[in-house]
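S.K.: Quick one: this structure, given as structure tokens, is what I'll be asking you about.
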Amino acid sequence: MAITLSEAAAERVKSFLDNRGKGVGVRLGVTTTGCSGLAYVLEFVDDLNDEDIVYEDKGVKVIIDPKSKLYLEGTHLEFVKEGLNEGFEFVNPNVKGECGCGESFTV
């Protein structure tokens, strides 16, 4: 399984990279935190690490580290706008539960 992006997410990542003037793609990962144990990390990547796993979808390189692969495999990244709020949303088939505030999850 791969990591995929919606058209809106891919366009938003491309826009951010263009505005930055540099970058090879976006890194998705997980970190230990919150009520449920894990939280998502999203950051722009200027240089690849030797151990990075690279997927490409809709012209965007999605980079993950081997440790995060277990938690993110099959994830779909959306970009949603609701009123004045907008942001990336992770649709992760591995999630078994989330905390009440939505900041962390468990697999």
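None of the figures in this text is laboratory data; all of them are computed from the coordinates on show. What you see is a predicted model, and the numbers here were worked out from it, not measured in a lab. With ideal geometry, Cβ positions are generated from the backbone for all residues, glycine too; neighbour counts draw on all protein chains shown.
S.K.: In the P(r) worked out for the chain, what percent of Cα pairs fall beyond 17 Å?
M.R.: Taking all Cα-Cα pairs of the chain, the fraction more than 17 Å apart is 53 percent.
S.K.: Give me 33, 4, 75 sorted ascending by neighbouring Cβ count inside 10 Å, so fewest comes first.
M.R.: 33, 4, 75
S.K.: Find the lysine pairs in segment 4-106 meeting two conditions, Cα atoms under 26 Å apart and a separation of 8 or more places or different chains, and report how many there are.
M.R.: Taking the Cα cut-off of 26 Å, the pair count is 19.
S.K.: Further, regarding this structure: Residue 53 versus residue 69, label points 7 Å from Cα toward the beta carbon: distance in nm?
M.R.: 0.4
S.K.: Normalised by the number of residues in the chain, what is the relative contact order in percent for Cα pairs under 8 Å and 6+ residues apart?
M.R.: 31
S.K.: With a ≥ b ≥ c the root eigenvalues of the C-alpha gyration tensor of segment 53-98, is it rounded (a/c under 1.5), prolate (a/b larger than b/c) or oblate? Walk me through the intermediate numbers first.
M.R.: Values: a/c = 2.72, a/b = 1.32, b/c = 2.06.
Oblate, since a/c reaches 1.5 and b/c is not below a/b.
S.K.: Given charges of +1 on the Cβ of Lys and Arg and -1 on the Cβ of Asp and Glu, with all other atoms neutral, how large is the dipole of the chain about its Cα centre, in debye to the nearest 20?
M.R.: Details: 11 positive and 19 negative charges, 10 e Å.
The calculation lands at about 40 debye.
S.K.: Measuring from a point 7 Å past the Cα of residue 43 along Cα-to-C-beta, which residues in segment 1-35 have an amide N at less than 20 Å?
M.R.: Answer for this model: 13-34.
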